[in-house]
1. Which one is least open to solvent (accessible area, probe 1.4 Å), of the residues in the range 10-65 that are of a type in the set (D, E, K, R) and more than 17 Å from E84 (Cβ to Cβ)?
2. Which of the residues spanning the range 50-66 are in contact with a His (Cβ under 7 Å, 6 or more places away or on another chain) and either farther than 16 Å from L88 by Cβ or hydrophobic (A, V, I, L, M, F, W, C) (or both)?
3. Against the conditions (1) in contact (Cβ under 8 Å) with a residue 12 or more places away in the chain; (2) surrounded by fewer than 17 Cβ atoms within 10 Å (Cβ to Cβ), where does A86 fall short? Just the number, please.
Amino acid sequence: MMPFRWPCVERTNVSSKEEIFRIIVGHAQEVVPGLDAHAFQPADSLRALGANSVDRADIIMMTLESLGVRIPLIDLAKAENIGELAALIHARA
């Protein structure tokens, strides 16, 4: 059995925080039921929108995979909302 390896930083072409925000929103809508009609704002919290801890981890991992970046999840834990999460990912991508 292979040991679990935390993702690490890898440089890619990520164009903007807005693009990252849209990707996060798309994955949130995919993972959390009932968000299809929600008008997402950068100040929205995934937790407040009904995403539990597993959902949030899934959304973040799906976003990182979509962007082709590898960032330790612990580096993203301080984000309080989707806008901050997008900014943190953008800064590290």
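1. Of the residues in the range 10-65, the ones of a type in the set (D, E, K, R) are 10-11, 17-19, 22, 30, 36, 44, 47, 55-56, 58, 65.
From the residues that got through so far, the ones that are more than 17 Å from E84 (Cβ to Cβ) too are 10-11, 30, 36, 55, 58, 65.
Numbers: E10: 84, R11: 184, E30: 129, D36: 123, D55: 31, D58: 71, E65: 140 Å².
Residue satisfying both the conditions and the ranking: D55.
2. Within the range 50-66, I59, M62 qualify.
3. Against the list (1) in contact (Cβ under 8 Å) with a residue 12 or more places away in the chain; (2) surrounded by fewer than 17 Cβ atoms within 10 Å (Cβ to Cβ), A86 comes up short only on (2).
The values are calculated or read from the model by the stated rules, or taken from the named source; none is laboratory data. Just so it is clear, the model here is predicted, and its values are computed rather than measured. Note that we place each Cβ from the backbone using ideal geometry, even for glycine, and neighbour counts take in every protein chain shown. In case anyone asks, the SASA skips ligands and DNA or RNA and just uses the protein heavy atoms, side chains included. Shrake-Rupley method; radii C 1.70, N 1.55, O 1.52, S 1.80 Å.
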